[in-house]
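Below you'll find the structure, written out as structure tokens, and then a few comments.
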Amino acid sequence: MALIVQKYGGSSMADAERIRNVARRVTKARQTGNRVVVVVSAMGGTTDELIRLAHEICEQPESRELDVLLSTGEVVSSTLLAMALRSLGHKAISLSGAQAGIQTDATHSRARIRNVDPKRICEELDRDNIVIVAGFQGITDELDITTLGRGGSDTTAVAVAASLGAERCEIYTDVQGVYSADPRLVPEACQLEEIGYEEMLELATYGAKVMHPRAVELGELYNIPILVASSFSDRPGTTIRGGISMEVRNKVRTIVHDLDVAKITIVGVPDQPGIASAIFQPLAKASISVDTIVQNASIDNITDLTFTVAESDLTRAMSLVEPVAQSIGARECVSDANLGKISIIGTGMQNTPGFAARMFQALYEAGINIQLITTSEIRITCIIEETRIKDAVRALHKAFELDKGKR
Ligand code: ADP
Ligand code: ASP
Ligand code: MG
């Protein structure tokens, strides 16, 4: 008997009717003879609403309390799905992340899973139950509740699949699969039949919300195929897996954008050893990810240092960087939150010249100014004004001929 892990996102669980729809889909998987574990997100909009509520109560909610509060969203949806399954005549039980053995570190609001102890899940499967696990949450060694970061239920699902040695992990969402660009922005975007872990990781890291980056990382680490498909139709989705040939696809496969981008520039920094370390150490300690870093050539031993962080981290980042900038004698520290990131991605770009030139030409023709550029072997990213992101995605999708049928 195969064991599969299915995950249903917030829009698939948005109201009672949709939860009943999920229950019917889970039932189908069960009836074809599989043992089924389901991971659920909170009902759509719940997490945002709980965050809003917390901020109404106080300006800076304490992270431990906020995690307990946010974890309740997934607890609610898991219990409702268990009830829906029982009312269809199936044996089902809901488990919180802690009950399901999701053990994490203590970094509240972005905790990492250290281990999954699947004992309780296995016991419930042996009792013939469909097991519903509340996604996005875990528990520390000190028995404090943590959350895994926005979109983290995907990561719960793949971690649970890995710990159970599941055949595959199925991620059900509100689009048919992974597309050549966000289908909400580019109606001509086409669905990919399959994509390798490496490309998918860049896609997820650089803004495609459809999968949480750490879920893709775990999938690759434990070699678990991940199916991304719609919970509203039976059309085949996109499979994320290893072993996809790189050489045959000598092209850009996807265009990705991210609006959660802010830039910090420290102006007039003395150009001497130890300065970068003094600036970036406190950010690392506070678990703030820094992405693009550019240091200008120095004039008279004075330089400018620019880097990007997530817009949602900007206030915290500025409060850490400003005192350091002052202490090292920098002139000033300025920020800009109205930015976005646009990336072209494809393993076929490796060692092949010309992609950057084509990207810059297309952005130039659309009248879009590039502020910063970064690259990896399979990605080129430009930081541009947030208001131009939509135009940029469409221009690049066209320039790289991605809207020409299923690929
Ligand atoms: P869920 O609530 O099911 O976890 P998410 O909202 O987190 O769903 O992710 C699905 C969304 O990801 C889609 O509605 C789509 O707008 C967005 N998305 C962004 N880029 C892509 C892409 N390349 N392919 C598919 N979906 C994408
Ligand atoms: N409910 C959480 C969020 O909205 C986690 C998730 O949906 O995966 O980010
Ligand atoms: Mg999601």
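All of the numbers you see were taken from the coordinates with simple rules; none came from a lab. Keep in mind it's a predicted model, so treat the numbers as computed, not measured. Methodologically, a virtual Cβ is constructed for each residue, glycine included, from the backbone with ideal geometry; neighbour enumeration extends over all protein chains shown.
A few remarks follow.
- Computed FRET value (nearest 0.05) for ASN223 with GLU123, which takes r as the C-beta separation and R₀ as 30 Å: 0.70
- Ranked by how many other Cβ atoms sit within 10 Å of their own Cβ, fewest first, the residues VAL267, VAL252, VAL40 fall in the order VAL267, VAL252, VAL40.
- Taking all Cα-Cα distances within the range 74-159, those exceeding 18 Å account for 40%.
- Added length on full extension, which subtracts the Cα-Cα distance from 0.36 nm per residue, ALA337 to GLN60: 97.7 nm
- Shape class for the range 178-300, computed from the alpha carbon gyration tensor (a ≥ b ≥ c): prolate, with a/c not under 1.5 and a/b above b/c.
- Normalised by residue number, the volume inside the convex hull of the Cα atoms of the range 153-248 is 102 Å³ per residue.
- Fraction of beta bridges assigned by DSSP in the chain that are antiparallel (%, nearest 5): 60
- Inter-label distance for ASP391 and ARG358, nm, one decimal - labels placed 7 Å from Cα along Cα-to-Cβ: 2.3
- Rounded to the nearest 0.05, the FRET efficiency derived from the C-beta distance between GLU142 and ASN301 at R0 = 45 Å is 0.40.
- Just checking the listed ones, ILE380, ILE266, ILE226: in the Gaussian network model of the chain with Cα springs under 10 Å, the one fluctuating most is ILE266.
- Amide proton proximity set for PHE136, modelled H, under 5 Å, gap of 5+: SER153, THR156
- Given LYS251/LYS341; LYS91/LYS209; LYS119/LYS285, the pairs whose alpha carbons are separated by over 27 Å: LYS91/LYS209; LYS119/LYS285
- Paramagnetic reach from SER233 (point 7 Å along Cα→Cβ, amide N under 17 Å) across the range 6-28: 12
- Once the chain from GLU194 to ILE51 is taken as fully extended at 0.36 nm per residue, the excess over their C-alpha distance is 48.0 nm.
- Most mobile of GLU365, GLU194, GLU123 in a GNM of the chain (Cα contacts under 10 Å): GLU365
- Cα gyration tensor, the range 115-159 - rounded (a/c under 1.5), prolate or oblate: oblate
- Beta bridges assigned by DSSP with both partners in the range 153-297 are antiparallel in approximately 35 percent of cases.
- Net lengthening on full extension, ILE293/ARG114 (0.36 nm per residue, minus Cα-Cα): 61.5 nm
- Alpha-carbon Rg with Dmax, taken over the chain, Å: 22.5, 77
- Relative contact order (%) - the range 152-223, alpha-carbon pairs under 8 angstrom, separation at least six: 39
- Here the sum of -39500 (n - 2.57) over DSSP H runs of 4 or more residues, divided by the residues of the chain, equals -10500 deg cm²/dmol at 222 nm, to the nearest 500.
- By the Cα gyration tensor, the range 50-200 has an equivalent ellipsoid whose semi-axes, rounded to whole angstrom, run 26, 23, 17 from largest to smallest.
- Debye intensity ratio in log₁₀ form over the Cα atoms of the range 250-353, taken at each q of 0.10, 0.11, 0.24 Å⁻¹: -0.35, -0.41, -1.21
- When the chain is treated as a GNM with alpha-carbon contacts under 10 Å, the residue of VAL178, VAL76, VAL290 showing the greatest mean-square fluctuation is VAL290.
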